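For reference, the structure is listed below as structure tokens.
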Amino acid sequence: MTEKQRRVISVGEVMIELSRGQDGRYGLAYGGDTFNTAVYLARAGVPAVYATALGDDPYSDSIAALAGAEGVGTDLMMRVPGRMPGLYLIETDPGGERRFHYWRDTSPARELFELAQWNVIADALLNAGLIYFSGVTLSLYSNSGIGRFLAVVELARQNGAKVAFDGNFRPRGWKGDLNRARTVFVEALKRVDVALPTFDDEALLWGDASPEATVARLQAFGIGEIAVKNGPNNALVVTQGKSELVPVPEVVTPVDTTAAGDSFNAAYLAARLSGEAPAVAAATAHRLASEVIRHRGAIMPRAAMAMH
């Protein structure tokens, strides 16, 4: 994965985020799992692009402007007239636990591979260096959208693209239909080179008893590189049959765990793209994630990042 000149294309949905501050007022931001990863990839100097569909409203303009300001390529952000992005609202209890409420059923991102211009996305994916997506990405699309997306991913791999995937399983996104989620995940996993799962998600969807069980299940798909995130515990990194436990450098009491996994994935992939060994990449990834959870919101201030 040393080919850095070809673009990393991250695929998914970015939404309007409303989170209640300590004064009871709501603050406006933007976020989405694969979008957060694209931002942190760009901050690490990786040529990252975000593929999604937005509306033609002021919030969509702001999302595109934010991506541009962060150095994330916007040429694959399709615009759908008369539509608006999805919205989520975060409520945080006194213990820092978050509850999410979503309004996203009419988000144009859900139809990315059914839009008239979906071939623009397909062409770009066929020439990507790395394609990154998540279980949340897969939960957006209809069966025909998933079919198109995975067919393009397969062709892109034949063209030399690597494919990285974070299971990121959210039951609500699948309307509780675990069978459909598993079926779609199985099709996706057949096309993955680098798996970046979170153990809790894997246990929820597959009933895995341990990170080792997650690795064994993913290896059955022929996935050659696996890094299992496990909260404040060690990450389990397996490549070429070599297994390493990479400890979290220091356990941080989180202010907000939003984007911990997304930022880990970005730092891990950026380090691997620049030729670092998997265990070194995971240690770098732990460091970024531990900084991100010290800040509210998905995307920590650039100034705070520059200090590290």
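The values are calculated or read from the model by the stated rules, or taken from the named source; none is laboratory data. Here the structure is a predicted model, which means the values were calculated and not measured. Cβ sites come from the backbone with ideal geometry, for glycine too, and all protein chains shown count toward neighbours. Heavy atoms of the whole protein, side chains included, go into the accessibility calculation; ligands, DNA and RNA do not. Shrake-Rupley method; radii C 1.70, N 1.55, O 1.52, S 1.80 Å.
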Any hit, region 23-30, residues being open to solvent by 30 Å² or more (accessible area, probe 1.4 Å) and under 16 Å from the mean Cα position of the chain (by Cα): yes
Meets criteria (open to solvent by 60 Å² or more (accessible area, probe 1.4 Å), in contact (Cβ under 8 Å) with a residue 12 or more places away in the chain, closer than 19 Å to Asp33 by Cα and not in a helix (DSSP H, G or I)) for Tyr50: no
Lone unmet requirement of (1) of a type in the set (Val, Ile, Thr); (2) in a loop (DSSP other than H, G, I, E, B); (3) open to solvent by less than 50 Å² (accessible area, probe 1.4 Å) for Ile63: (2)
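Would it be correct to say that Asp56 is open to solvent by 70 Å² or more (accessible area, probe 1.4 Å), farther than 22 Å from Arg302 by Cα and under 20 Å from the mean Cα position of the chain (by Cα)? Explain how you work it out, then say what you get.
On the way: open to solvent by 70 Å² or more (accessible area, probe 1.4 Å): yes; farther than 22 Å from Arg302 by Cα: yes; under 20 Å from the mean Cα position of the chain (by Cα): no.
So Asp56 fails the test.
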Residues satisfying the stated conditions in region 174-198, i.e. in contact (Cβ under 8 Å) with a residue 12 or more places away in the chain and more than 29 Å from Pro278 (Cβ to Cβ): Trp174, Leu178
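Consider region 2-20. How many of its residues are part of a loop (DSSP other than H, G, I, E, B), open to solvent by 30 Å² or more (accessible area, probe 1.4 Å) and farther than 20 Å from Val152 by Cβ? Break it down into steps so the answer makes sense when it comes.
Here is the first cut: in region 2-20, the ones part of a loop (DSSP other than H, G, I, E, B) are 2-7, 12-14.
Among the residues that remain, those that are also open to solvent by 30 Å² or more (accessible area, probe 1.4 Å) are: 2-7.
Filter again for farther than 20 Å from Val152 by Cβ, leaving 2, 4-5.
Result for region 2-20: 3.
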Tally of residues being among the aliphatic types (A, V, I, L, M) and either in contact with a Cys (Cβ under 6 Å, 6 or more places away or on another chain) or open to solvent by 60 Å² or more (accessible area, probe 1.4 Å) (or both) across region 87-101: 0
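Do we have any residue at all in region 186-203 that's open to solvent by less than 50 Å² (accessible area, probe 1.4 Å) and at positive phi?
Checked against the condition, which is being open to solvent by less than 50 Å² (accessible area, probe 1.4 Å) and at positive phi, region 186-203 yields no hits at all.
Determine which member of the set Ala270, Ala266, Ala235, Ala227 is touching a residue at least 24 places away in the same chain (Cβ under 8 Å), of a type outside the set (Val, Ile, Thr) and under 20 Å from His295 (Cα atoms). Can you show your working first?
Details: Ala270 fails: under 20 Å from His295 (Cα atoms); Ala235 fails: under 20 Å from His295 (Cα atoms); Ala227 fails: under 20 Å from His295 (Cα atoms).
Checking each option against the conditions leaves just Ala266.
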Scope region 204-255; condition within 14 Å of Ala277 (Cα to Cα), at pLDDT 90 or above and open to solvent by 70 Å² or more (accessible area, probe 1.4 Å); matching residues: Lys242, Ser243, Leu245
Criterion violated by Val163 - all others in (1) touching a residue at least 40 places away in the same chain (Cβ under 8 Å); (2) within 13 Å of the chain's Cα centre (by Cα); (3) farther than 22 Å from His101 by Cα satisfied: (1)
Tally, over region 102-121, of residues that are of a type in the set (A, V, I, L, M, F, W, C), open to solvent by 10 Å² or more (accessible area, probe 1.4 Å) and not in a loop (DSSP other than H, G, I, E, B): 3
Residues within region 74-90 that are out of contact with any helix residue (DSSP H, G or I) (no Cβ under 8 Å at 6 or more places or on another chain) and in a strand (DSSP E or B), tallied: 4
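Among the residues of region 122-138, count how many are in a helix (DSSP H, G or I) and either farther than 22 Å from Glu202 by Cα or open to solvent by less than 10 Å² (accessible area, probe 1.4 Å) (or both). Give the steps one after another, and end with the answer.
Let us first name the residues in region 122-138 that are in a helix (DSSP H, G or I), namely 122-126, 135-138.
Keeping just the survivors that are either farther than 22 Å from Glu202 by Cα or open to solvent by less than 10 Å² (accessible area, probe 1.4 Å) (or both) gives 122-126, 135, 137-138.
Total satisfying the criteria: 8.
On the given criteria, is Glu291 under 21 Å from Ala48 (Cβ atoms) and either surrounded by 24 or more Cβ atoms within 10 Å (Cβ to Cβ) or not polar (S, T, N, Q) (or both)? Before you say what the answer is, go through the steps one by one.
Working: under 21 Å from Ala48 (Cβ atoms): yes; either surrounded by 24 or more Cβ atoms within 10 Å (Cβ to Cβ) or not polar (S, T, N, Q) (or both): yes.
Yes: the conditions hold for Glu291.
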Failed criterion for Ala282 (all others in (1) outside any helix (DSSP H, G or I); (2) in contact (Cβ under 8 Å) with a residue 12 or more places away in the chain; (3) not polar (S, T, N, Q) hold): (1)
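If you check Arg148, Arg99, which single one turns out to be under 20 Å from the mean Cα position of the chain (by Cα), charged (D, E, K, R) and in a helix (DSSP H, G or I)?
On the way: Arg99 fails: in a helix (DSSP H, G or I).
Being under 20 Å from the mean Cα position of the chain (by Cα), charged (D, E, K, R) and in a helix (DSSP H, G or I) holds for just one of Arg148, Arg99, which is Arg148.
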